[in-house]
Each structure stands twice: as structure tokens, then as C-alpha cells.
Amino acid sequence: MKRKYWESYITVIKPITRIQIFLLFLFLHQISMATSSSTTNNNGEKQIEHDQNVLQKHVAFFDRNHDGIVYPWETFQGFRAIGCGIILSSFAAIFINFGLSQKTRPGKFPSIFLPVEIKNITKAKHGSDSGVYDNEGRFVPSIFEEIFSKHARKHPSALTSDELMGLLKANREPKDYKGWLASYSEWKILHVLCKDKDGLLHKETIRGVYDGSLFERMEKEHSEKKKNK
Ligand code: HEM
Ligand SMILES: [Ca+2]
């Protein structure tokens, strides 16, 4: 039988070559770790800051092993944990880590493992956002309230899909296409995942996304659903 090209390719790689590839990856990983900005304690273990700002909390849910860094496979696991499908989770892992890794890394040396460093997450803020996170990653209650006073028309404490679009358009800075796309993805994913049966995105849901408590809740609900199946 004729083998597929990639099958014969894998068998042809000699064991020694595989070891070399493994060592190369290990080496690149060590370099990427050496240039990482996470703090290290006396035992040489990576640790995250305890005094996290709210934006760091938003991201910390996806740091599955709590080492202060979100790798693409952790973004994937986090999305799966809150009940997203394999396609959305894979797409999110590539899109988010590719987009944010370099912005959060110290120096100019990129890492092929696309780590997002939570310590520097405020550097990943983009334009055309709501402004609810300030430049230090803190939550600004007055701007949060403004979302509803300006855009919630049908219900005082929930947004319809059209009202959400109104919020996104109002936040757009001219020609900031990357910011438009980033904001659209963040809010649309939130809406798709968390809208109620009438298509409404509730204020307390949105509040929970800012400090990441929403993700914890969704993970719990998803694992209970799986248990009861
Ligand atoms: C289901 C998963 C996620 C959802 C639904 C979500 C949703 C959101 C929402 C609604 C905002 C607020 C934007 C605004 O105020 O205009 C936001 C901000 C942000 N998110 Fe997420 N997010 C998710 C996962 C992640 C992950 C995995 C990362 C990074 C590893 C991340 C990084 C950020 C950053 C850096 C901001 C600040 C943007 C800014 O204010 O300019 N998010 N996200
Ligand atoms: Ca991690």
C-alpha cells in the first residue's frame, strides 16, 4: 500500500534526529524561560505576584499551572474548561497568544512558544476598548456604569446584541482596525457564550468578566453539567 507523504517522512527520521529536535526545543524553551520576566523565589520556582490588578485576574484563570505565564495550550484548556468547542478554543489560543505574546514579553527576543506574561498584561491593552480597565489594569466603576446608562435602552441592566454593537461602534477610534477587531472578538465571544434565552447580556455577567470570576463560575457549571450527563 502506498504510504502518505508525511507518514513516510516520520518513519524516515532517524531516532538520533528526533533526539536532536527534542533537544533543540528544550534549548529554545530554556532561552524563552531565561528571558521571561516572572519572579523567581529562593527555591528557583516561578511565582506570580499576589497583589494582582483586575486585568491580571481576568487573565489568571487561563494560567492553568499558576506560573504567571499563559501558553497557547493553557488558553486552549481554559476555553475548553468553560465549555467552548475545540474549534473556537484552538482559534482563540492561536489568535490571543499570537497577538499578545510579544507585547507582554520583556526585551525584543520573541518566543516560539508564544507565552503571555501576566505580570505585563497591561501592555497588551489595545485601542477602541471601553476604558473600563485603566492603564494600570484597574477597574473603573464610573465607566462601567456608563456602558449601561448610555447603551442599555430596552433593559436598564442588560445589553441586546444591537446595543452591544452600539457600544463597540461608539468605542471605535478612527482607523484603529486592530483595536476594532480585538474589541469585537472580546465582546462577541462574551455575548455568544453568556447571553440568556432572550439574547441579553446581563450587567453582572459583564462585571464578572472583568475580574475573571465569570470564568470560574462557568468552569464550575460546565463540570457539573458533564458530571450529570
Ligand atoms: C472566553 C474568554 C474571554 C472573554 C469572553 C474575554 C472578554 C473580554 C472583554 C469583554 C474585555 C473588556 C474589553 C473592554 O473593556 O472593552 C476583555 C479585555 C481584555 N482581555 Fe479578555 N476575554 C477572554 C479571554 C482572554 C484571554 C485568554 C486573554 C489573554 C491571555 C485576555 C486578555 C485581555 C486583555 C489584555 C484585555 C484588556 C483590553 C483593553 O482594555 O484594552 N482575555 N476581555
Ligand atoms: Ca502557566
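In the assembled protein chains, residue 177 presents an accessible area of approximately 140 Å² (probe radius 1.4 Å).
Segment residue 98..residue 221, full-extension length gain: 41.4 nm, with 0.36 nm per residue of separation and the alpha-carbon distance subtracted. Given in Å, the Rg to one decimal and the Dmax to the nearest whole number for the Cα atoms of region 51-132 are 12.4, 35. The residues 86, 96, sorted by heavy-atom accessible surface at 1.4 Å with ligands and nucleic acids left out, run 86, 96 from largest to smallest.
Amide H contacts of residue 68: none lie under 5 Å away among residues 5 or more positions distant or on a separate chain (H built 1.01 Å from N in the peptide plane; Pro and chain starts excluded). Residue 200 exposes around 10 Å² of accessible area when a 1.4 Å probe is run over every protein chain in place. Of 180, 187, the residue with the largest accessible area leads and the full order is 180, 187 (1.4 Å probe). The tail of the calculated P(r) for region 14-228, taken as Cα-Cα distances beyond 22 Å, holds 55 percent of the pairs. The phi-based Karplus calculation (6.51 cos²θ - 1.76 cosθ + 1.60; θ = phi - 60°) puts the 3J(HN,Hα) values of region 108-122 at 9, 7, x, 10, 5, 8, 6, x, 9, 8, 4, 4, 9, 5, 5 Hz, whole numbers, x for Gly and Pro.
Remark: the residue 188-residue 66 segment gains 41.2 nm on full extension, using 0.36 nm per residue and subtracting the alpha carbon distance. The listed residues 153, 80, 138, once ranked by accessible area (1.4 Å probe) with the largest placed first, stand as 153, 138, 80. Note on residue 186: accessible area is roughly 100 Å² with a 1.4 Å probe, heavy atoms of protein only.
The values are calculated or read from the model by the stated rules, or taken from the named source; none is laboratory data. Quick caveat: nothing in here was measured; it's all calculated off a predicted structure. What goes into the accessible areas is simple: the full protein's heavy atoms, side chains included, and nothing from ligands, DNA or RNA. Shrake-Rupley method; radii C 1.70, N 1.55, O 1.52, S 1.80 Å.
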